[in-house]
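No lab work stands behind these numbers, since they all come straight from the coordinates. These figures come from a predicted structure and were not determined experimentally. With ideal geometry, Cβ positions are generated from the backbone for all residues, glycine too; neighbour counts draw on all protein chains shown.
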Amino acid sequence: MELEFAAQESFTDAAYRFELRANAPIVVDWEPAIRALLGDIESGTASAVISTKFHHMLSKTILATAQRIGESKVALSGGCFQNRFLSERVIADLRREGFTPFWHQRVPPNDGGIALGQAVAATWRA
């Protein structure tokens with residue numbers, strides 16, 4: 001949450017660089033991002049800028065992966081999507097590029113959703 005809140009204080013559109021490797025399975029090479037992030041820390045870059053660049057990189061990684069896979073519908077799930085800054089950025093980026101994103105709206109994307117799924121499964125067995 002601290003990274004999410006810090007990102008909201010920065011207005012940069014910059015993102016750390018990453019590389020997608022291989023076609024199946026897709027592999028994300030984070031080394032360029034980690035090196036640049038460490039360089040930013042070393043040079044005293046504000047944590048808000050670092051956080052924003054990190055969040056933008058994650059969004060661009062999701063977009064690039066969706067583009068590589070080529071499916072028009074993209075499901076966003078998991079605890080990282082409790083992060084509103086990241087979720088809103090990913091949804092906007094995907095929509096801008098013609099994708100249809102789906103995300104949790106009534107059920108939380110983390111353990112609460114798992115618990116609901118377990119409850120549903122238990123009722124099917126009864």
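All other residues whose Cβ lies under 14 angstrom from that of Gln118 are scored, Lys and Arg at +1 and Asp and Glu at -1, for a net of 0.
What you get for the chain, charging only the Cβ of Lys and Arg (+1) and of Asp and Glu (-1), is a dipole of about 520 debye around the Cα centre. Residues whose amide H comes within less than 5 Å of that of Glu19, counting only those at least five positions distant or on another chain, are Asp29 (H built at 1.01 Å from N in the peptide plane). Note: relative contact order over the chain, using C-alpha pairs below 8 Å and six or more positions apart, is 24 percent. Under a 5 Å amide H cut-off, with hydrogens placed 1.01 Å from N, Phe102 pairs with Val74, Ala75, Leu76 among residues at least 5 apart or on other chains. Across region 43-99, the mean sequence separation of Cα contacts (distance under 8 Å, 6 or more residues apart), normalised by length, yields a relative contact order of 45 percent. Karplus-based coupling profile of region 89-100, in residue order and whole Hz: 5, 5, 4, 5, 4, 5, 4, 4, 9, x, 8, 10, with θ = phi - 60° in 6.51 cos²θ - 1.76 cosθ + 1.60 and x standing for Gly or Pro.
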